[in-house]
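All of the numbers you see were taken from the coordinates with simple rules; none came from a lab. Since this is a predicted model, take the numbers as computed values, not measurements. All Cβ positions, even for glycine, are placed from backbone atoms using ideal geometry, and neighbour counts span all protein chains on display.
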Amino acid sequence: MNKEIQNNNNTPEEVDLGQLFSLIERLFKKLGEFIVKIFKFLLLLIEKLGVLILIILNVLKRNFIKIGILCALVFVFFFLMNKYSDKEYKSNMVVSQNFTTGRLLYTTISRLDGLAKKNDSLAISKELNIPIKTASKIKGFRIKDFMNQNQLERDYYEMMNTKDSLKRMSIEDYESQIDYENFPAQSITIFAESTDIYNSNLSNAIIKMFESNVYYNEERLKTIDIINDKLVAYQSMLEKSETLQNEYVSILKSYYNISDTSKGMPETNLNVNLNNTKEKVDTKEFDLLEDQKSIKLEIATLKAKLENNKSILRLQKGFSEAISVDNFYKENRNAAIITVFIILMLLYLIKEFNVLGFINQHGIKERLSKESKWL
């Protein structure tokens, strides 16, 4: 009796397991059928693509001479137009901004470019104070920061070393935040129809154009006055230090009974106890020498800064060797040939598949009315 009850209890579990395995079997079967359908579709697609490629090659083979002649004619046309069209050259100069002239510099170059695009050689001549003959050859201006990738990465990592680690940014974000207009070095490119204009006269004319700006002239004079005041202060400090050092030397000479014949002896050795019977006198002349070195270094730095700030813009590198600029015909020659080739192939494929006949047969209203229940 107990065995029958136990068998009756196990039967539903065995049925449930059987249904589960059956369900899994059907699932895998459908999954396998789906994968097979995908592979069949891919094989069909590859087959159709292969047929299409063969048709294209066949069309190209039958019409190769016609297509080749038309593409060759396009090439000859663009080649001749490029050869006999007006030539254009470009060269660039690099300037250093000693003041924050970025906005003015970019605006001025943009204005000159607009005048060049309008062929207003008279206005360019007045702006740059150059002969009209030279101005008439200028076709455009461009300006761009002169910052290479190595310098950008160096500045980025220097910034990251001093920045809070919780506020780190990528180099792309850092580059997007840089004010390139006020970057010290800027490259100015000039486009012209002749190479004989790229000389020191033109580069100096661009530099001098900014010398007449009232605001930056006032800023320059203020900066120069501040530097001169610092130079006077450091010169006074140096003179006082040298005077005090001479007094120390006199004291040491008197104390150690050093005669004037020993003037060739280095002064730095005067604090050495030359007379063993006397105690050493600490007069701090070595400290004075170190201070004098620092003061002289600061004076040299200020003089260099003063020299730089005498000009609003400074020519860092003159015009590079002029190079030819690709005109419209040279730039678009290959694209034109490819475009003509594609158009011709499409026309021949339309003819091959009789697309126009199909349109004429099925693209009339009466035909559509018969085939559509909505018309």
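Per residue of region 114-129, in order, report the coupling 6.51 cos²θ - 1.76 cosθ + 1.60 (Karplus, θ = phi - 60°) as ³J(HN,Hα) in whole Hz, putting x for Gly and Pro.
For region 114-129, the Karplus-derived couplings read x, 5, 5, 5, 8, 6, 8, 5, 5, 5, 4, 4, 6, 4, 9, 6 Hz, x marking Gly and Pro.
Output the peptides 61-73, 17-29 sorted from most to least packed, where packing is the average of other Cβ atoms within 10 Å over each peptide's residues.
So the order, starting with the most tightly packed, is 61-73, 17-29.
Ranked by Cβ crowding within 10 angstrom, fewest neighbours first, how are I53, I188, I299 ordered?
Lowest to highest Cβ neighbour count: I53, I299, I188.
Applying 1/(1 + (r/R0)^6) with R0 = 30 Å to the Cβ-Cβ distance of D196 and T100, what FRET efficiency is obtained, to the nearest 0.05?
FRET efficiency, D196 to T100: 0.30.
Would you mind putting 236-246, 195-205 in packing order, based on average other-beta-carbon counts within 10 Å, highest first?
Ranked from most to least packed, the peptides come out as 195-205, 236-246.
Could you put T339, T162 in order, starting from the residue whose Cβ has the fewest other Cβ atoms within 10 Å?
T162, T339
Would you mind checking K117/K330; K117/K139; K222/K310; K90/K117; K144/K222; K90/K208 for any pair whose Cα atoms are more than 18 angstrom apart?
Violating the 18 Å Cα-Cα cut-off are K117/K330; K144/K222; K90/K208.
Separation between the F328 and V51 pseudo-spin-labels, each 7 Å from Cα along Cα→Cβ, expressed in nm?
A separation of 4.5 nm, rounded to one decimal place.
Label T301 and F41 with points 7 Å out from Cα along Cα→Cβ: what is the distance between them in nm?
Each label point lies 7 Å from its Cα, and together they span 7.2 nm.
Using label points projected 7 Å from each Cα along Cα→Cβ, tell me how many nm separate E153 and E25, to one decimal.
Simple spin-label model gives 6.4 nm for this pair.
What is the sum of charges around E211, taking Lys and Arg as +1, Asp and Glu as -1, for the other residues whose C-beta is under 12 Å from the C-beta of E211?
Net charge around E211: +4.
Can you sort T189, T301 so the residue with the fewest Cβ neighbours within 10 Å comes first?
Ascending Cβ contact count within 10 Å gives the list T301, T189.
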